[in-house]
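K.L.:
Below you will find the structure I want to go over with you.
Read-outs: derived from the displayed coordinates by stated rules, not from any lab. These figures come from a predicted structure and were not determined experimentally. We place every Cβ from the backbone using ideal geometry, glycine too, and count neighbours over all the protein chains shown.
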Amino acid sequence: MLTAHPSLLRELVERCETLRRRLASDGSAEIKRQLDDASYTLCVLTGTRQLDMALSTARRQLADAM
C-alpha cells in the first residue's frame, strides 16, 4: 500500500485540527470550505471516508514512520 510522505501527513493533520478549532469559534463558510478541502485530501491519502478515521489513520502512519 502506498503511503503519503510523513511531512505531508503531519501538515494535513495540523491543518485539519486548526481548521476544526477555527470552525468551532468562527463558523464562517470560508473556514468550512477550507476544512472540507483539507479533510477530503487527508481522506484520499489515508484511504478513509471520514475525517476522524483519517486523522486516526494518519497519526498511526506517522507513529509507524518514526
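K.L.:
Considering only the other residues whose Cβ falls under 12 Å of the Cβ of L51, what net charge follows from Lys and Arg at +1 and Asp and Glu at -1?
P.N.:
Here the charged neighbours net out to -1.
K.L.:
Only one of the listed values, (i) 3.9; (ii) 4.2; (iii) 4.7, was derived from the coordinates as mean projected area of the Cα convex hull in nm²; which label is it?
P.N.:
(ii)
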